[in-house]
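Taking it in order: structure first as structure tokens, then the write-up.
The values are calculated or read from the model by the stated rules, or taken from the named source; none is laboratory data. Given the structure is predicted, the values throughout are model-derived calculations rather than measurements. All Cβ positions, glycine included, derive from the backbone under ideal geometry; neighbour counts span all protein chains shown. With ligands, DNA and RNA removed, areas are computed over all heavy atoms of the protein, side chains included. Shrake-Rupley method; radii C 1.70, N 1.55, O 1.52, S 1.80 Å.
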Amino acid sequence: MDLGRLRLWLGGLVVALAVATASPLLRNDLTQDDVPLVREDARIHDLGNIREILTTPFWPKAGETGHHRPMMTLTLALEWAMGGGAIVTFKVMSLTMHAAAALALFILALELLPVGWAAAAAMAFAVHPVHVEAVAVAMNQGELMIGLGYTLVVAWYIRLRRSRIPTWRDRSL
């Protein structure tokens, strides 16, 4: 098997392990902060509330904590609209982001390690129980999105630096 096919096969294995490990969450109901932030927050139940979604504190009762996370609230609203409020929609999105994060770690690890070690690191990440709260609770999807984004940017930057000197456009990104 050539190196390219091996990497593809191992990447698929990393994704399969992440999905298999986290898939029991698909049977779960909303939990923890998802109850007030998803089930009970009328703002996210209608995309017509976009202005309120983007301008009010994250917690429905203004002033409770003062956190302002408009992109996370908007993400929850989009998921509510996609699935008509079905809980499984939030769970599938969390599961997808977890699998994508594990694959992103594999991509990053390939920049730093031999293919076998990169696969081992990504597989350990995919099945590690430390991710349970980030994956099981819909409102924690922000953690998955940020981790996924940073991991891909670091992998891109390492690859870029090995190939050429970054331009001003590269630096802007």
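Rounded to the nearest whole Hz, the Karplus-based 3J(HN,Hα) values (6.51 cos²θ - 1.76 cosθ + 1.60, θ = phi - 60°) of the range 8-13 follow the sequence 4, 4, 5, x, x, 5, with x at glycine and proline. Rolling a 1.4 Å probe across the protein heavy atoms gives the chain an accessible surface of 58 Å² per residue. How much mean residue ellipticity at 222 nm does the chain get from its helices, if each DSSP H run of length 4 or more adds -39500 (n - 2.57) and you divide by all residues, to the nearest 500 deg cm²/dmol? Estimated from H runs of four or more residues: -21000 deg cm²/dmol.
Length available on full extension from VAL19 to MET1: 0.36 nm per residue minus the Cα-Cα distance, which gives 4.0 nm.
Extension gain, ASP170 to ALA124, is 13.4 nm, computed as 0.36 nm per intervening residue step minus the present C-alpha separation.
With respect to the chain, whose longest principal axis is taken over its alpha-carbon atoms, helix 115-127 is tilted by about 20°. Directionally averaged projected area (the range 1-116, Cα convex hull): 9.4 nm².
Taking the C-alpha atoms only, the angle from helix 87-112 to the longest principal axis of the chain is near 30 degrees. Charge dipole (Cα centre; +1 on Lys/Arg Cβ, -1 on Asp/Glu Cβ; no other charges) of the chain amounts to roughly 840 debye.
Applying 1/(1 + (r/R0)^6) with r as the Cβ-Cβ distance of LEU8 and MET145 and R0 = 30 angstrom yields a FRET efficiency of 0.75. Dipole orientation for the chain: of the candidates HIS67, ALA119, SER23, ALA119 has the Cα lying most toward the positive pole (charges on Cβ; Lys, Arg +1; Asp, Glu -1).
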